[in-house]
Amino acid sequence: MTIKGALFDFSGTLFRVEPTDAWLRAVLDASGTAVPEEDLQRYARRLEEAGALPGGAPPRVVPPHLAGVWESRDRTAEDHRAAYTGLARQVPLPRPELYDALYDRHMRPAAWRPYPDAAEVLGELRRRGVRIAVVSNIGWDLRPVFRAHGLDESVDAYVLSYEHGAQKPDPRLFQVACEALGVAPADAVMVGDDRRADAGAARLGCQVRLVDHLPVERRPDGLRPVLELAGGPAAP
């Protein structure tokens, strides 16, 4: 069956956030905080273990005092910031203002890279008449990231968890996306990297296709098989 609508996750699907050490380095440089390279790498390892970078590795352990806000982190902008800055504060850094600066950095377009085939696949889907939505568990407005990387013109709708007070796999988000595109769930596919969150679209009757959450360099063409659902072969 040829799809009429395609729903895409953001982080780990269309875009990948920068590595933890690059994220930390950018903030230290911007704040004029000089630390030896070995200290920077040590901080970065501990931040990664803590799961402090949104879109990066999940926390090895969520501290009990953050458990509630972690579970609800994608429902509001306030909870999202509180959860991730709280995780970052498990790591002693040279200056207290660095925690909020790190959070702010991850929202900037420069912190994100599109996967190599993202523009090609989104553009080809549009050419074939497929409507496109981005459905993301997130606590901030990712539209500027798409605009900065030239992908916004391919997206018809954005359905962001914090704007609706609900998180995937809640089927309400997928329903909102299908309604925004004007397509029935049975005529849509959800493409994502999270088996639990993104597969929630199947409860509405959407097809689901999962991609691997890998660094950009290691996943050059993971999105191209989606084109086979849109009335033609995947691009070479």
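Accessible surface for the chain, divided over its residues, is 45 Å² per residue with a 1.4 Å probe. Result for the chain in a Gaussian network model with C-alpha springs under 10 Å: among 82, 34, 177, the largest mean-square fluctuation is at 34. Note that the stretch 9-16 has calculated 3J(HN,Hα) couplings of 5, 9, 6, x, 10, 9, 10, 10 Hz, one per residue in order, obtained from phi through the Karplus relation 6.51 cos²θ - 1.76 cosθ + 1.60 (θ = phi - 60°); glycine and proline are x.
In the calculated pair distance distribution of the stretch 1-125, what percentage of Cα-Cα distances lie above 21 Å?
On the way: 3465 of 7750 pairs.
So the portion of pairs separated by more than 21 Å is 45 percent.
If you average 1/r across every pair of different Cα atoms in the stretch 101-195 and take the reciprocal, what Kirkwood value do you get, in Å? With all distinct Cα pairs of the stretch 101-195 included, I get 14.3 Å. Under 14 Å from a label point set 7 Å out along the Cα-to-Cβ vector of residue 30, the amide N atoms of the stretch 91-120 belong to 97-112. Near residue 190, the amide H atoms lying under 5 Å from its own belong to 7, 207, 208, 209; only residues 5 or more places off or on other chains count, and H is placed 1.01 Å from N. If R0 is taken as 35 Å, the Cβ-Cβ distance between residue 127 and residue 46 corresponds to a FRET efficiency of 0.15.
Which percent of the accessible heavy-atom area of the chain goes to carbon and sulfur, probe 1.4 angstrom?
On the way: 5200 of 10550 Å².
Answer for the chain: carbon and sulfur cover 49 percent of the accessible area.
Across the protein chains, with a 1.4 Å probe defining accessible surface, the residues 76, 85, 2 rank 2, 76, 85 from largest area downward.
Between residue 158 and 134, the built amide H atoms are under 5 Å apart, and every one of these is 5 or more places off in sequence or on another chain.
The values are calculated or read from the model by the stated rules, or taken from the named source; none is laboratory data. Here the structure is a predicted model, which is why all the values come from computation and not from measurement. When we count neighbours, we look across all protein chains shown, and the Cβ atoms used for this are built from the backbone with ideal geometry, even at glycine. Side chains are part of the model used for accessible areas, which takes the heavy atoms of the whole protein and leaves out ligands, DNA and RNA. Shrake-Rupley method; radii C 1.70, N 1.55, O 1.52, S 1.80 Å.
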